[in-house]
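Trainee: One structure is given below, represented as structure tokens, and several questions about it will come after.
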């Protein structure tokens, strides 16, 4: 599953929520997106 497309669709989510939807361990992929400044992590929420 393309995690970047999923984050664009959700706009705001927690790690647990996206892992339930994607049915995979997404933490490393999310960290890459945060490092590329495509998503932000604030107060326990990821935001696109």
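The values are calculated or read from the model by the stated rules, or taken from the named source; none is laboratory data. Keep in mind that this is a model prediction, so the values were computed, not measured. Cβ sites come from the backbone with ideal geometry, for glycine too, and all protein chains shown count toward neighbours.
Trainee: Residue 23 - would you say it is at pLDDT below 95 and in contact with a helix residue (DSSP H, G or I) (Cβ under 9 Å, 6 or more places away or on another chain)? Steps first, answer last, please.
Mentor: Numbers: at pLDDT below 95: yes; in contact with a helix residue (DSSP H, G or I) (Cβ under 9 Å, 6 or more places away or on another chain): no.
Taking the combined requirement at face value, the residue does not satisfy it.
Trainee: Let me ask another. Which of the helices (runs of 4 or more DSSP H) found entirely inside the chain contain at least 2 residues meeting this: surrounded by 12 or more Cβ atoms within 10 Å (Cβ to Cβ) and at positive phi?
Mentor: none
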